[in-house]
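Data first, discussion second: the structure below is written as structure tokens.
The values are calculated or read from the model by the stated rules, or taken from the named source; none is laboratory data. Treat the numbers as computed from the prediction; the structure is a model and nothing was measured. No Cβ is skipped: glycine too gets one built from the backbone with ideal geometry, and neighbour counts run over all protein chains shown. The protein model used for the area step is the full one, side chains on, heavy atoms only, and it has no ligands, DNA or RNA in it. Shrake-Rupley method; radii C 1.70, N 1.55, O 1.52, S 1.80 Å.
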Amino acid sequence: QVQLVESGGGLVQPGGSLRLSCAASGSIFRLNTMGWYRQAPGKQRELVAFITSGSITNYADSVKGRFTISRDNAKNTAYLQMNSLKPEDTAVYFCNLRGLTFNYWGQGTQVTVSS
């Protein structure tokens, strides 16, 4: 069983920055795609960004140029650097580790962008 633990959420003013971390247990981390998703109240969970085992990245249009996903395989950790935050970025952010036969989620971390 793999456990994913997110951290780094909080309250930030518009235009500010936060860095989320997702620490994974187990040895499968480096072999699989990591993703960050978010879910705002009353809305469906949506993909924010993902990074493959080969460090190929992809982003939702709404965060391109503002967010950066990265991974440190030596630390079994993925990161989401969020800059120029907007109120519409407010959501619970979840990390995800996905393979052919499994799909793990973290517990989520709240990000609130408000003045």
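A few comments on the model shown:
- Here the spin labels are modelled as points 7 Å beyond Cα on the Cα-Cβ line, and at T52 and S25 they lie 3.0 nm apart.
- Based on protein heavy atoms only, segment 1-62 ends up with 57 Å² per residue of surface accessible to a 1.4 Å probe.
- Span from the segment 59-88 Cα centroid across to the segment 23-41 one, whole angstrom: 12
- Segment 43-111: chymotrypsin sites (Phe, Trp or Tyr not before Pro) in DSSP loop, at most 13 other beta carbons within 10 Å: F102
- For the chain, the relative contact order works out to 37 percent when only alpha carbon pairs closer than 8 Å and six or more residues apart are counted.
- Each principal axis of segment 50-115 carries a Cα extent, and these read 41, 24, 22 Å when sorted largest first.
- Placing R0 at 22 angstrom, the Cβ-Cβ distance between Q3 and K64 gives a FRET efficiency of 0.15 after rounding to 0.05.
- Taking trypsin sites (Lys or Arg not before Pro) across segment 1-88, the ones in a DSSP loop with at most 11 further Cβ atoms lying within 10 angstrom of their Cβ are K43, K64.
- Only aspartates and glutamates eight or more places from K43 in sequence, or on another chain, were considered; those with a Cα closer than 13 Å are E88, D89.
- The chain: most fluctuating residue of G26, G42, G15 per GNM, C-alpha cutoff 10 Å: G42
- GNM flexibility winner over the chain from I28, I69, I51 (Cα, springs under 10 Å): I28
- Using only Cα coordinates, the Kirkwood hydrodynamic radius of the chain works out to 14.0 Å.
- Sulfur and carbon atoms: percent of accessible area, the chain [1.4 Å]: 49
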